[in-house]
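The values are calculated or read from the model by the stated rules, or taken from the named source; none is laboratory data. The shown structure was predicted, so the numbers you read here are calculated from the model rather than taken from an experiment. Please note: Cβ atoms are built from the backbone with ideal geometry, for glycine as well, and neighbour counts cover all protein chains shown. Accessible surface areas use protein heavy atoms only, side chains included; no ligands, DNA or RNA. Shrake-Rupley method; radii C 1.70, N 1.55, O 1.52, S 1.80 Å.
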Amino acid sequence: MNDEVLIRIRGLDKSYRRGDQTIPVLQGLDLDVQSGEFIALMGPSGSGKSTLLNLIAGIDKPTQGTIEIAGVDIAQLSEGELADWRAANIGFIFQFYNLMPVLSALENVELPLLLAGLSASQRRAQAAAVLDMVGMSDRLDHYPNELSGGQQQRVAIARALVTDPTLIVADEPTGDLDRATGEEVLALMDALHRELGKTIVMVTHDPKAAARAQRLVHLEKGVLVDDPSLEGGR
Ligand code: ADP
Ligand code: MG
């Protein structure tokens, strides 16, 4: 890990409006994440973990504040610019995998490369290479409904990796998996961090999952509180 700040969030507010009601979720939140860091984000259900992750991933826009990622304040980008930025910089891993059911494992992983200006054979080779990395090279032509949950999540991890993104975000990546399969997926996340040097922000409510990270932060009443329990642990 180097000492470069990759994510720098200042004064982040997010509230949702429903009818004439305003629901404040994040309130004056600050966060720095170093390049190459693996952080776990915990907090009670409804505390705004997914909201924060979606803001960092450029899926949603803040009510107020700045979110600088590799020097770009993504809150200032237009919808179109944000979509391009997201495609180039973010790999997103979801709790329920979110694979396209009508596409094979290989086609699902090729999908993010369609915007990258590669030839069909380059896309195929690159997708096959990351599927090999996650141990799925014997399932390239399988459809999602022909794969177990853990296998689908491996494919989803390959899809998140295939563009070599600046940042990987994961929202409860083991939330739908049994303990043993969840451990396999976590070992893979760990390898992305340690072997490939990937920066990862992972939301989880599983303390075992959180223990894989280098740093643990809790979301409480709209702000982040550092948890020292992992210090010196890795
Ligand atoms: P967590 O992931 O920690 O469980 P969320 O970020 O999903 O929490 O939600 C935080 C709060 O924001 C909740 O009270 C939720 O009901 C509310 N919320 C989330 N998304 C929306 C939305 N699109 N519209 C209105 N309220 C929302
Ligand atoms: Mg959530």
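Being within 26 Å of Asp84 (Cβ to Cβ), open to solvent by 20 Å² or more (accessible area, probe 1.4 Å) and of a type in the set (Val, Ile, Thr) is a condition met by no residue of region 125-142.
With respect to the conditions (1) more than 16 Å from ligand 2 (Cβ to nearest atom); (2) surrounded by 17 or more Cβ atoms within 10 Å (Cβ to Cβ), Ala88 lacks only one, and its number is (2). Elements of the type strands (runs of 3 or more DSSP E) sitting completely within region 147-234 and holding at least 2 residues that are within 16 Å of ligand 1 (Cβ to nearest atom) and under 12 Å from the mean Cα position of the chain (by Cα): these cover 167-171, 199-203. Just name the residue that is nearest to Glu68 (Cα to Cα) out of those in region 118-176 that are touching a Gly at 6+ places or on another chain (Cβ under 7 Å) and within 16 Å of ligand 2 (Cβ to nearest atom). If we take residues in region 118-176 being touching a Gly at 6+ places or on another chain (Cβ under 7 Å) and within 16 Å of ligand 2 (Cβ to nearest atom), then Thr174 is nearest to Glu68 (Cα to Cα). When residues of region 30-55 are filtered for being among the hydroxyl-bearing types (Ser, Thr, Tyr) and either touching a helix residue (DSSP H, G or I) at 6+ places or on another chain (Cβ under 6 Å) or more than 9 Å from ligand 2 (Cβ to nearest atom) (or both), how many remain? Final tally of qualifying residues: 1.
Among the residues making up region 143-165, those that are in contact (Cβ under 8 Å) with a residue 24 or more places away in the chain, surrounded by fewer than 18 Cβ atoms within 10 Å (Cβ to Cβ) and closer than 28 Å to Ala40 by Cβ are Ser148, Gly149.
Only a single criterion out of (1) surrounded by fewer than 15 Cβ atoms within 10 Å (Cβ to Cβ); (2) modelled with pLDDT of 95 or more; (3) closer than 23 Å to Gly197 by Cα is not satisfied by Phe38, namely (1).
Hey, could you check region 49-59 for residues that are open to solvent by 10 Å² or more (accessible area, probe 1.4 Å) and within 8 Å of ligand 1 (Cβ to nearest atom) and say which is farthest from Trp85 (Cα to Cα)? Talk me through it step by step, then tell me what you get.
To start, the set of residues in region 49-59 that are open to solvent by 10 Å² or more (accessible area, probe 1.4 Å) comprises 49-51, 54, 59.
With within 8 Å of ligand 1 (Cβ to nearest atom) added as a condition, the list becomes 49-51, 54.
Values: Lys49: 22, Ser50: 20, Thr51: 19, Asn54: 14 Å.
Looking at the filtered set, the residue picked out is Lys49.
The residue that is nearest to the chain's Cα centre (by Cα), among those in region 40-79 that are charged (D, E, K, R) and assigned to a loop (DSSP other than H, G, I, E, B), is Asp60.
Conditions tested, residue by residue: (1) out of contact with any strand residue (DSSP E or B) (no Cβ under 9 Å at 6 or more places or on another chain); (2) closer than 30 Å to Lys49 by Cβ.
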site: Gln76; (1), (2): no, yes
site: Tyr97; (1), (2): yes, yes
site: Ala105; (1), (2): yes, yes
site: Leu113; (1), (2): yes, yes
site: Gln122; (1), (2): yes, no
site: Val134; (1), (2): yes, yes
site: His142; (1), (2): yes, no
site: Asn145; (1), (2): yes, yes
